[in-house]
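So the structure is just underneath, and the comments pick up after that.
The values are calculated or read from the model by the stated rules, or taken from the named source; none is laboratory data. Just so it is clear, the model here is predicted, and its values are computed rather than measured. Here Cβ is always computed from backbone atoms with ideal geometry, including for glycine, and neighbour counts include all displayed protein chains. Each accessible area value is taken on the protein alone, full model and side chains, heavy atoms only, with ligands, DNA and RNA left out. Shrake-Rupley method; radii C 1.70, N 1.55, O 1.52, S 1.80 Å.
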Amino acid sequence: LFLLPVQFYQYFLLYDKNVSSITGQRKTRPIICGHRGSIYKEPENTLAGFLKAIEIGVDAVEFDVFLLKCGTLVVFHGAGGDENPGLLDDNIGIEGSILDYTAEEARKLSFNSNGEEFGCPKDRIDAPSAFIPTLKEVLEVLKGTGVIAKIELKGPGTAEPVLELVESMEMTDQCHYSSFDHSRIARIRELRPERNSDGTYIYRTGALFVDPPYNFISLSLAVGASEVHLRYDTCTKERVDAIHANGMGSLAWWRGPPGMLKDVTEKYLDVGNEDESMYRVAMKTGLEWMCVNKPDILAKVASL
């Protein structure tokens with residue numbers, strides 16, 4: 001290999017992917033989570049994308065949730081980052097925010113086939129199945145499949161209504177909650193502090209980080225997180241070990257298509273854009289969960 005960036009490859013090198021840093025026991029593969037579904041096959045955060053991920057054989061799917069002004073929860077990501085999420089300029093191609101709409105109005109919005117966030121073929125973006133679904137519709141697709149719903153509480157005021165909907169659908173065991181705004185998962189823990197007989201929380205939450213600060217472990221423990229979710233290229237072996245040593249689960253999340261393209265063309269020249277080599281390197285840290293854009297590739301790698 002040449003052009004090896006210290007920021008990626010050396011973090012993950014020289015670690016046996018088959019040894020769990022929690023128990024020391026052998027394990028076969030990471031838990032495979034489809035990031036926003038299967039976004040190189042179908043548009044992100046759509047029923048079609050989640051059905052494709054189920055067809056691929058994922059263990060879980062991750063998606064983003066907003067509470068609209070009509071009181072309906074919808075599944076959508078949008079632009080704007082986590083400081084100002086839900087903007088429509090890329091996914092829809094118009095100004096404004098998803099928060100400006102009712103669910104009925106949002107359903108009528110057409111996806112922007114030139115949007116950079118879409119990694120799937122353009123004909124899938126224009127297909128009748130390409131629309132913004134409600135959270136209830138997504139959960140109805142997942143219920144009974146055994147596929148875990150990793151629900152990111154993206155918008156404000158989402159914790160209580162999401163929890164209420166999940167419980168009304170009797171899907172507590174199938175749904176996990178996460179957020180970059182840790183007050184939202186702290187609210188879940190405040191409302192539902194119950195534990196299993198082994199001491200783990202019944203309602204699982206994940207503390208999301210982009211660039212984890214030095215005290216990310218204590219921040220996660222302070223809000224009662226079950227897991228720590230780190231951006232894929234910050235998941236060093238040392239961090240993963242520390243997460244497990246403190247009784248929490250570990251998850252790596254991959255960026256959307258524009259961010260990943262930028263990473264592999266400007267920083268990480270020794271691996272491809274979520275190719276087998278990238279996933280193999282990440283697996284060497286002992287990560288429990290991998291939330292990826294190409295779950296079909298990870299499934300292939302993990303089965304070897």
Check your understanding: Taking the stretch 124-167, which residues are of a type in the set (S, T, N, Q), part of a loop (DSSP other than H, G, I, E, B) and under 18 Å from the mean Cα position of the chain (by Cα)?
Key -> T158
Check your understanding: Is there a residue being open to solvent by less than 10 Å² (accessible area, probe 1.4 Å), modelled with pLDDT of 95 or more, in contact with an Asp or Glu (Cβ under 7 Å, 6 or more places away or on another chain) and outside any loop (DSSP other than H, G, I, E, B) anywhere in the stretch 270-292?
Key -> yes
Revision key, fill the gap. Taking the stretch 49-91 and keeping only residues that are hydrophobic (A, V, I, L, M, F, W, C), assigned to a loop (DSSP other than H, G, I, E, B) and either in contact with a Lys or Arg (Cβ under 6 Å, 6 or more places away or on another chain) or open to solvent by less than 20 Å² (accessible area, probe 1.4 Å) (or both), one is left with V58, L68, F76, L88
Practice item. Kindly provide the set of residues from the stretch 217-239 that are surrounded by 23 or more Cβ atoms within 10 Å (Cβ to Cβ) and part of a helix (DSSP H, G or I), ordered by number. Key: S220, Y232
Study note, to complete from the structure: Result of the Cβ filter at 6 Å on the stretch 156-172, keeping first residues that are at positive phi and partners that are of a type in the set (A, V, I, L, M, F, W, C), at least 6 apart or interchain, is G157/L67
Review point. Can you pull out the residues in the stretch 109-118 that are surrounded by 14 or more Cβ atoms within 10 Å (Cβ to Cβ), over 17 Å from V75 (Cβ atoms) and at pLDDT below 95?
Key: S113, E116
Review point. Exactly one of (1) more than 13 Å from G206 (Cβ to Cβ); (2) at pLDDT 95 or above is unmet by H229. Its number?
Key: (1)
Study note, to complete from the structure: Here the qualifying pairs (Cβ atoms under 9 Å; residues six or more apart or on different chains; first in the stretch 252-264 and open to solvent by 10 Å² or more (accessible area, probe 1.4 Å); second among the aromatic types (F, W, Y) and not in a loop (DSSP other than H, G, I, E, B)) come out as W253/Y232; W253/W289; R255/Y232
Check your understanding: Looking at the stretch 15-25, is at least one residue at pLDDT 95 or above, over 17 Å from I151 (Cα atoms), of a type outside the set (A, V, I, L, M) and touching a Gly at 6+ places or on another chain (Cβ under 6 Å)?
Key -> no
Check your understanding: Can you name every residue in the stretch 49-107 that is β-branched (V, I, T) and free of Cβ contacts under 8 Å to residues at least 60 places away in the same chain?
Key -> I92, I94, I98, T102
